[in-house]
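Down below is the structure, laid out as structure tokens.
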Amino acid sequence: MSGSERRLVALTGIKPTGAPHIGNLLGAILPALALTRTYQGIYFIADYHALTTEHDGDALRESTRQVAATWLAMGLDTEKNIFFRQSDIPEVCELSWVLSCFVGVGQLQRAHAYKDAVAKGKEATQGLFSYPVLMAADILLYESNVVPVGKDQKQHVEMCRQMAHRVNETYGEGTLVVPEPLIREEVATVPGLDGQKMSKSYGNTVEIFLPPKKLRKKLMKIVTGSEALEDPKDPDRCNVVKLFRLFAEEADVAEMERRYRAGGFGYGEAKQKLFEVYDAFIAPHRERYEELLAHPEVIEEELAKGKEKARVVAGRVMERLRKRAGLR
Ligand code: ADP
Ligand code: TRP
């Protein structure tokens, strides 16, 4: 690729809500890392968005570090991509205000997150109400071409596109780059300890970087059938096998399935095998993760580097928009 060719940009935000789990790893982190082979990744930690639910400053700081360390430890290349903290670029709030003048209240009232909060009788803040506007600002501030997200975020990206179109109709084509959603193909839903979808809200998660002892203890809690050791067992209905399939080699999976059907193979042994295969996969990354958390200044340096790069794009986009809108 020549220097003048600009790679297409894939941008996504990651809400810092505590230590990420294996569901996040397989469902979001690894697919986003794979995309950086084709696109320039602009990935950021959406701490302003987290503020809609997290009002403990220390907890937010801690989550931000954990999430940043996770992406770095899993191998995000911060030379080729841009990795930063949302609140490091205040222009996003400025753009958010401009966009809020291009979206109807009725449309924001139809956004899922706001509708759900109202349906549950929760008090919705102005922040939750304008969540999609801030998200649109994130996307448009960095001239994103594609926005890789899960299905749950599709509506937000559609709203972003509409805001961008309205701005372009008003101030001229090319004022903002209109992005396309890139809806993640249904990766297998990772089951949690109880067999339901692994999710923080169900309290059934396995955090990615648990130290070996804790990891083993956690995996031993996976809910299984209560057949006796000698009984044959159905691998397709077992939560241990479902997780094992996600990390083990095909031949090892086939062997485990065979032993389930044959009987004389207990759930304890299956869990031990799962522990061994996941631990071997994660060990080198865990070492890096722990090193990063022990040196938060290294994480901050990485984010500062990302901030410098993000500012250049954000500055250019805001310059163009302010001029056309008659601001400053
Ligand atoms: P949680 O449900 O634990 O709050 P999030 O909603 O913060 O997780 O998840 C962030 C992203 O991680 C989601 O958009 C989704 O793509 C992915 N993800 C979360 N849980 C799973 C899972 N159990 N299986 C596959 N992907 C998942
Ligand atoms: N709203 C997204 C979520 O809850 C996070 C997010 C914030 C985001 N800004 C974004 C995702 C911009 C994609 C693009 O997961």
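Scan the range 3-27 for residues that are small (Gly, Ala, Ser), within 13 Å of ligand 2 (Cβ to nearest atom) and within 19 Å of GLU54 (Cβ to Cβ) and report the count.
1
Restricting to the range 188-237, name every residue that is within 15 Å of ligand 1 (Cβ to nearest atom) and hydroxyl-bearing (Ser, Thr, Tyr).
THR189, SER199, SER201, TYR202, THR205, listed by residue number.
For the structure I just gave you, tell me whether SER226 is of a type in the set (Ser, Thr, Tyr), without any contact (Cβ under 8 Å) to a residue 12 or more places away in the chain, farther than 30 Å from THR17 by Cβ and open to solvent by 70 Å² or more (accessible area, probe 1.4 Å). Please lay out each step first, then the result.
Numbers: of a type in the set (Ser, Thr, Tyr): yes; without any contact (Cβ under 8 Å) to a residue 12 or more places away in the chain: yes; farther than 30 Å from THR17 by Cβ: yes; open to solvent by 70 Å² or more (accessible area, probe 1.4 Å): yes.
So SER226 passes the test.
Here are some residues: ALA117, ALA136. Which one is touching a helix residue (DSSP H, G or I) at 6+ places or on another chain (Cβ under 7 Å), in the same structural domain as LEU33 (by TED's automatic domain parsing), small (Gly, Ala, Ser) and within 11 Å of ligand 2 (Cβ to nearest atom)? Let's see the steps before the verdict.
On the way: ALA117 fails: within 11 Å of ligand 2 (Cβ to nearest atom).
Result of the check over ALA117, ALA136: ALA136.
So in the range 154-172, with the set limited to residues that are without any contact (Cβ under 8 Å) to a residue 60 or more places away in the chain and charged (D, E, K, R), which one is farthest from ligand 1 (Cβ to nearest atom)?
As a first pass, look at the range 154-172 and keep what is without any contact (Cβ under 8 Å) to a residue 60 or more places away in the chain: 154-162, 164-165, 168-169.
Right, trim to charged (D, E, K, R) and you get 154, 158, 161, 169.
On the way: LYS154: 11, GLU158: 16, ARG161: 19, GLU169: 31 Å.
Per the criteria, the residue is GLU169.
For every residue, the table says whether it meets (1) assigned to a helix (DSSP H, G or I); (2) in contact with a helix residue (DSSP H, G or I) (Cβ under 7 Å, 6 or more places away or on another chain); (3) at pLDDT 95 or above; (4) more than 13 Å from PRO212 (Cα to Cα).
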residue: VAL240; (1), (2), (3), (4): yes, yes, yes, yes
residue: ARG258; (1), (2), (3), (4): yes, no, yes, yes
residue: LEU274; (1), (2), (3), (4): yes, yes, yes, no
residue: GLU287; (1), (2), (3), (4): yes, no, yes, no
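If we keep just the residues of the range 287-305 that are acidic (Asp, Glu) and touching a residue at least 60 places away in the same chain (Cβ under 8 Å), which is least open to solvent (accessible area, probe 1.4 Å)? Write out each step before concluding.
Taking the range 287-305 as the starting set, the residues that turn out to be acidic (Asp, Glu) are 287, 290-291, 297, 300-302.
Subset that is touching a residue at least 60 places away in the same chain (Cβ under 8 Å): 290, 302.
Details: GLU290: 93, GLU302: 41 Å².
Ranking the candidates gives GLU302 first.
Identify, from the list GLY263, GLY268, the residue that is at pLDDT 95 or above and at positive phi. Reasoning before the result, please.
Working: GLY268 fails: at positive phi.
GLY263 is the lone residue from the list that is at pLDDT 95 or above and at positive phi.
Taking the criterion of being surrounded by fewer than 17 Cβ atoms within 10 Å (Cβ to Cβ) and free of Cβ contacts under 8 Å to residues at least 60 places away in the same chain, would at least one residue in the range 24-36 satisfy it?
Yes, that holds for at least one residue.
For the range 153-194, which positions are closer than 30 Å to PHE247 by Cβ and not hydrophobic (A, V, I, L, M, F, W, C)? I'd like the intermediate steps shown before the answer.
Initial filter on the range 153-194 (closer than 30 Å to PHE247 by Cβ): 153-154, 181-194.
Selection gives GLN153, LYS154, PRO181, ARG184, GLU185, GLU186, THR189, PRO191, GLY192, ASP194.
Return the pairs, sorted by first residue and then second, in which the second residue is polar (S, T, N, Q), the first residue lies in the range 306-323 and is within 9 Å of ILE82 (Cβ to Cβ), the beta carbons are less than 6 Å apart, and the residues are 6+ apart or on different chains.
Taking only residues 6 or more apart or on different chains, not a single pair turns up.
Can you find, within the range 28-59, the residue that is nearest to ILE82 (Cα to Cα) among those that are within 13 Å of ligand 2 (Cβ to nearest atom) and of a type in the set (Val, Ile, Thr)?
The residue in question is ILE42.
Would you confirm whether or not the range 240-247 contains a residue that is away from ligand 2 (no atom under 16 Å from the Cβ), open to solvent by 20 Å² or more (accessible area, probe 1.4 Å), assigned by TED's automatic domain parsing to the domain that holds VAL277 and not basic (Lys, Arg)?
Yes, the range 240-247 has at least one match.
Take the conditions part of a helix (DSSP H, G or I), more than 27 Å from the chain's Cα centre (by Cα) and within 30 Å of VAL177 (Cβ to Cβ) and apply them to ARG316. Does it pass?
On the way: part of a helix (DSSP H, G or I): yes; more than 27 Å from the chain's Cα centre (by Cα): no; within 30 Å of VAL177 (Cβ to Cβ): yes.
The answer is no for ARG316.
If you go through the range 171-196 one residue at a time, how many are aliphatic (A, V, I, L, M) and away from ligand 2 (no atom under 16 Å from the Cβ)?
Residues of the range 171-196 that are aliphatic (A, V, I, L, M), as a first pass: 176-178, 182-183, 187-188, 190, 193.
Okay, now just the ones that are also away from ligand 2 (no atom under 16 Å from the Cβ), so 188, 190, 193.
Final tally of qualifying residues: 3.
Within the range 124-147, can one find any residue that is over 14 Å from PHE102 (Cβ atoms), at pLDDT below 95 and of a type in the set (D, E, K, R)?
Checked the range 124-147: no residue is over 14 Å from PHE102 (Cβ atoms), at pLDDT below 95 and of a type in the set (D, E, K, R).
Being over 22 Å from ILE45 (Cα atoms) and buried (at least 17 other Cβ atoms within 10 Å of the Cβ) is the filter here, so list the residues in the range 306-328 that pass it.
Step one: list which residues in the range 306-328 are over 22 Å from ILE45 (Cα atoms), which gives 319-328.
Once the filter is applied, which keeps residues that are over 22 Å from ILE45 (Cα atoms) and buried (at least 17 other Cβ atoms within 10 Å of the Cβ), the range 306-328 yields only LEU321.
The values are calculated or read from the model by the stated rules, or taken from the named source; none is laboratory data. Treat the numbers as computed from the prediction; the structure is a model and nothing was measured. All Cβ positions, even for glycine, are placed from backbone atoms using ideal geometry, and neighbour counts span all protein chains on display. Protein only, heavy atoms only, side chains kept; ligands, DNA and RNA dropped before computing areas. Shrake-Rupley method; radii C 1.70, N 1.55, O 1.52, S 1.80 Å.
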